[in-house]
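Okay, structure first, notes after.
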């Protein structure tokens, strides 16, 4: 059996879950944030955990929805995304390993899959911690993982 090069439940970059962007100085007018965003002088500093709930999720070919729930547990991370009208108001479970980067200033999480690949994933079940469901979702994303050009595969 070939070793897996992709763990769908592990965050690729755990530091993406923490604030780390340059804060606005008090002399600069902070950006408007009607939704309680993390912009302005009160933004979390480097290393401060950030709640991703409410962030938008961007696939490789467009927006797919908004994060309803996020888990940052080691090797058990995931996002529950409300797709709104995109797939008839359903939710999808995205393993943490699909996250490429998090833009805290724009409150956007970028994932490495196209919208159709996410739509074709196993249907969302109410308990993301169910082992059988996690196995189905994890296998789906691991089987379709394509490392970026020039990336060195890591063995887990």
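Read the figures in this text as sums done on the coordinates, not as results from a lab. For clarity, every value in this text was computed on a predicted model and none was experimentally measured.
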>> Given Cα positions, please report Rg to Rh for region 70-136, the hydrodynamic radius being the Kirkwood one.
In response: 0.95
> Quick one: length gained pulling residue 63 to residue 13 fully straight, 0.36 nm per residue minus the C-alpha distance?
Replying inline: 15.9 nm
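Provide the gained length on full extension for the span residue 126 to residue 5, in nm with one decimal, where the gain is 0.36 nm per separating residue minus the Cα-Cα distance. Please report the intermediate quantities before stating the final value.
On the way: separation 121, 0.36 × 121 = 43.56 nm, distance 2.84 nm.
Working it through step by step, the gained length comes to 40.7 nm.
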>> In whole Å, what are the extents of region 68-108 along the principal axes defined by its C-alpha atoms, from largest to smallest?
In response: 31, 25, 15
